[in-house]
Amino acid sequence: MKLAQRVVDLAPSPTLAIDQRAKAMAAEGIDVVNLGLGEPDFDTPRAVAAAAVAAIGAGDTHYTPAGGTRALRQALARHIEVETGARYAPEQVMVSSGAKHALFNALMSLVSPGDQVLVPTPYWVTYPEQIRLAGGTAVSVPTPSSSAHRLTAAALEAAWRPGVRGLVVNSPNNPTGAVIDPAEVDRIAAFCVEHDLWVIADEIYSQLVYPPAVHRSFASVADIRDRLIYVHGLSKTFAMTGWRIGYAAGPAPVIAAMERLQGQATGNPTSIAQAAALAAVTTPLPEVARMRDTFFARRALAAEWLARSAPLVGRVPDGAFYLWVDTAGLVGHTLAGVTIASGDDVARAWLDGARVAAVAGSGFGAPHAVRLSLASSEERLAEAFARLDHLMVPVE
């Protein structure tokens, strides 16, 4: 049976692949410290889970409108205004089965075959693949380590060419943890207006920003709101990855198109998860601040490890919960029997030789890097870094 070319060309998610391999090794009794998947290692706040249980008890287990319940859309509009200062009507907000689904809906609604879309690099692995599924082409915008991987308008100007129709921007960034300078957000917005680009701003990590970094939402810039799709979700802030609730806000015609697409593709997000989401964005949750503080403490462990891990080069993240490491200094060395030529080789050597799972940077558009997730306990992080220290001794 012949498969459609669009799925033949589709690259598998490297983050899911490394997670599956690490879990398979664990199932065999091998003690693997899994620093691969970007999933908070906390339970969903109890008040949120209780709201879901209450919804089941009340019989709220039926279809909802494709774009989410009216109550949740209203609550999200208020939540967005508090977070960004931008006012959206409920009709300008829709709920999807995760932020990834919201991104897919947006790209499928905005990208026509042949369109080119600017994507800052390193990028989250899904952006280029979704753009390709929509018939477009991702145009890489390098954000070098010399600028702490922070996107600038100058970098966009250098990458722009005729045929570019839009920009996908992610701040705080996965995988680098970079947060765009607030003043630069204005310059990027002006660039997008000048070149008549639509913008998809993925800000799912906006609540995980660490001093002295300051996050400024693209939704706060009034000049681009008529061309902006703001994407967020509950997975990272509220430890709700499995609930699969994301949302998008933007111009009413685009949101309506996204809702039509979702209605034909998946229908509504789970009614029970929507009830949980409503509680998450309307209930004071002290757990959220505690999670952020915990991630901040883990950054200190990561900084200590980086300081003693030459020839690896990296910097602690401004936001999110990843450690992005340049492994070019290992090229030509041998680790765990692997001669290093790329970040893929490093990730394989770390897993085979130290039982530490990390994601190779090639899937993020950076072949000589590795991403480690800090979404693990301080004890397991310390264990992982000790194992890598032992493996790396010959290199030093």
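Details
- Checking each residue in the range 195-225 for being over 18 Å from the mean Cα position of the chain (by Cα) and under 24 Å from PRO128 (Cα atoms) picks out HIS195, ASP196, LEU197, TRP198, ILE224, ARG225.
- Being part of a strand (DSSP E or B) and assigned by TED's automatic domain parsing to the domain that holds ILE56 is a property that holds for TYR247.
- Of all residues in the range 1-41 being under 30 Å from ALA289 (Cα atoms) and acidic (Asp, Glu), the one that is modelled with the lowest pLDDT: ASP19
- Cross-chain or 6+ apart pairs with Cβ under 6 Å, the range 274-295 first and outside any helix (DSSP H, G or I), then modelled with pLDDT of 95 or more: THR283/ALA47; LEU285/PRO45
- Exactly one residue out of PRO253, PRO269 is surrounded by fewer than 17 Cβ atoms within 10 Å (Cβ to Cβ) and not hydrophobic (A, V, I, L, M, F, W, C), and it is PRO253.
- In the range 313-331, the residues that are at pLDDT below 95 and either in a loop (DSSP other than H, G, I, E, B) or polar (S, T, N, Q) (or both): VAL316
- Just one of the listed residues (THR327, THR339) is in contact (Cβ under 8 Å) with a residue 24 or more places away in the chain and either surrounded by fewer than 24 Cβ atoms within 10 Å (Cβ to Cβ) or outside the structural domain of VAL53 (by TED's automatic domain parsing) (or both), and it is THR327.
- Within the range 171-189, residues that are in contact (Cβ under 8 Å) with a residue 40 or more places away in the chain reach partners that are buried (at least 24 other Cβ atoms within 10 Å of the Cβ) and β-branched (Val, Ile, Thr) with beta carbons closer than 8 Å, at six or more positions or on different chains, in the pairs SER171/VAL179; SER171/ILE180; PRO172/VAL179; ASN173/VAL179; PRO175/VAL359.
The values are calculated or read from the model by the stated rules, or taken from the named source; none is laboratory data. Because the structure is predicted, anything quoted here is derived from the model rather than measured. So basically every Cβ, Gly included, is an ideal-geometry build from the backbone, and we count neighbours across all protein chains shown.
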